[in-house]
Amino acid sequence: MKKFLLFIILIISSKNILANIVLQGTRIIYYEAKGNVTVQLTNNGKLPALVQSWVDDGNINSTPEKSHSPFYVFPPIVKVAGLKGQQLKIKMISHKLPKNRESVFYLNILDIPPYPENTQGKSVLQLAIKSRVKLFYRPKELITPPTDVYKKISYKLEDNDLIVTNNSKYYFTIAKITHINEAKKSLIKSKMIPPLSDFKLPLQNKVKHNKLTVTYVDDFGVYKTRNINLK
């Protein structure tokens, strides 16, 4: 019987701890004024891991060869020793992004496990696990503190939809919207609202009154809540 190796890639974008490779943080902020950003990886396993990294423009099925983004990751492929760390540097290679608003991309981290020993004459299943985290490009012209973004968000009920207007220059990620004191029953699916835009969110349940609670995600991946009034 001939030996063969089967790789399966699992894509998980909601968590940053996958296999033995740990990515520090749940999102990355690239400040134009700094010129680059550094990301810390840690291998919590005892065996070395091969890591391949790239940035895409939103295509979850992207590959390093076919991805589209104005960013380069160095080193693109690196071997991380067991119980050791590795820094990745992300640098912009094209400066054609909008200057008046935030842009979003995704950093891909593919964790390829080492070839197992003592497998001669055996069929082997290996899991190469890919994680994706948001990479926000923040132009230096944006001077309003991102902590004040929620003040620029308005909500309007239209038939069975919730119209969310983002008048800020930042992305605004809504985790859930609930009736006050009913935190477990979200009226909408989570959504990231682009800057300077309107977005229609279908309601999963009927709105009982015009006072609701919105749960959103800040720059550090922390969930925060605010009470809102519908128009």
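No lab work stands behind these numbers, since they all come straight from the coordinates. Not measured: the values here are computed from a predicted model.
Quick look at the numbers
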{"item": "Relative contact order (percent, whole number), the chain, Cα cutoff 8 Å, 6+ residue spacing", "result": "20 percent"}
{"item": "Gaussian network model of the chain, Cα within-10 Å springs - most flexible of Ile174, Ile188, Ile143", "result": "Ile143"}
{"item": "Net lengthening on full extension, Asn44/Lys200 (0.36 nm per residue, minus Cα-Cα)", "result": "52.0 nm"}
{"item": "J(HN,Hα) series, region 208-221, from Karplus relation 6.51 cos²θ - 1.76 cosθ + 1.60, nearest Hz, glycine and proline x", "result": "7, 7, 8, 9, 10, 10, 9, 10, 10, 10, 8, 4, 9, x"}
{"item": "Pairs of Cα atoms farther than 24 Å apart, the chain, %", "result": "54 percent"}
{"item": "Length gained when the stretch Glu32-Lys151 is fully extended (0.36 nm per residue, less Cα-Cα span)", "result": "40.4 nm"}
{"item": "Highest-MSF residue in the chain out of Asn100, Asn181, Asn43 [GNM, Cα springs under 10 Å]", "result": "Asn181"}
{"item": "Length released on extending from Lys96 to His68, taking residue separation times 0.36 nm less the Cα-Cα span", "result": "8.8 nm"}
{"item": "Per-bin percent of Cα-Cα distances, region 146-229 [5 Å]", "result": "3, 15, 29, 29, 17, 6, 1"}
{"item": "3J(HN,Hα) from dihedral phi, region 188-203, Karplus parametrisation 6.51/-1.76/1.60, rounded to Hz, x for glycine, proline", "result": "9, 7, 4, 7, 9, 8, x, x, 6, 8, 10, 9, 9, 10, x, 7"}
